1. Working only within the range 63-82, note down all residues that are outside any strand (DSSP E or B), under 15 Å from ALA19 (Cβ atoms) and among the aliphatic types (A, V, I, L, M).
2. Determine the pairs where a residue that is basic (Lys, Arg), located within the range 87-99, has a partner that is surrounded by fewer than 18 Cβ atoms within 10 Å (Cβ to Cβ) with Cβ atoms under 8 Å apart, the partner being 6 or more residues away or on another chain.
3. Being touching a strand residue (DSSP E or B) at 6+ places or on another chain (Cβ under 8 Å) and assigned to a helix (DSSP H, G or I) is the filter here, so list the residues in the range 88-103 that pass it.
4. Report every pair of residues separated by at least 6 positions or lying on different chains whose Cβ atoms are under 9 Å apart, first residue within the range 29-44 and touching a residue at least 60 places away in the same chain (Cβ under 8 Å), second surrounded by 23 or more Cβ atoms within 10 Å (Cβ to Cβ).
5. Among the residues of the range 72-82, how many are farther than 16 Å from ALA15 by Cβ and either within 14 Å of the ligand (Cβ to nearest atom) or surrounded by 15 or more Cβ atoms within 10 Å (Cβ to Cβ) (or both)?
6. Which is within 15 Å of the ligand (Cβ to nearest atom), in a loop (DSSP other than H, G, I, E, B) and of a type outside the set (Asp, Glu), of ALA60, ALA85?
7. For the range 109-126, check the following and say yes or no: at least one residue is away from the ligand (no atom under 16 Å from the Cβ) and at positive phi.
8. Within the range 12-35, does at least one residue satisfy the condition of being closer than 21 Å to GLU132 by Cβ and either assigned to a helix (DSSP H, G or I) or out of contact with any Cys (no Cβ under 9 Å at 6 or more places or on another chain) (or both)?
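Nothing in this text is a laboratory measurement; each read-out follows from the coordinates by a stated rule. None of the values given here were measured: they were computed from a predicted structure. Here the Cβ is made from the backbone with ideal geometry for all residues, glycine too, and neighbour counts use every protein chain on show.
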Amino acid sequence: MTLTEEELITRAIAARETAYAPYSNYKVGCALTTGDGSVFEGANVENASYGLCVCAERSAIVAAVLAGHRNIASLVVVTQSSPPAAPCGICRQTINEFVDDPASLQIILVNVDGERRDISFHELFPFGFRGEHLT
Ligand code: THU
């Protein structure tokens, strides 16, 4: 079963509620689909040692990879920011690792008030470094 965009957004909003963000009070949720339509969610998980904080996007990607999926087809990020915030640099590089064609990935940014902004991953992260560069 393939989720609609609205259903994927609903999943990301629900995932955001599971965030562990006692230090920043900035909860982030993520839901992504993989090439076969599987859905994985993530939320940020903070730590008293601040540098150990894990972003929502990376927790969703790790869940997908652990389940054997390495190709992100669509990705939603939910924050409380207006306008809706985009993934941080480390998350952009991590998304870049697990997308077959970075030029074709659309990312949906939303916030808890229902604002939405669609942006291409290529616009967010042009000239990304990839495994091909190592060969
Ligand atoms: N955060 C994310 O989950 N994703 C991002 O792309 C940016 C920041 C989290 C990390 C931290 O828990 C909180 O937001 C504040 O930076």
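1. ALA63
2. Close Cβ pairs satisfying both conditions: ARG92/GLY128.
3. Within the range 88-103, ILE95, ALA103 qualify.
4. Pairs that qualify, where the first residue is touching a residue at least 60 places away in the same chain (Cβ under 8 Å) and the partner is surrounded by 23 or more Cβ atoms within 10 Å (Cβ to Cβ), are GLY35/ILE72.
5. Looking only at that region, the number is 2.
6. From the options ALA60, ALA85, the qualifying one is ALA85.
7. Yes, the range 109-126 contains a residue that is away from the ligand (no atom under 16 Å from the Cβ) and at positive phi.
8. The answer is yes, given that some residue of the range 12-35 is closer than 21 Å to GLU132 by Cβ and either assigned to a helix (DSSP H, G or I) or out of contact with any Cys (no Cβ under 9 Å at 6 or more places or on another chain) (or both).
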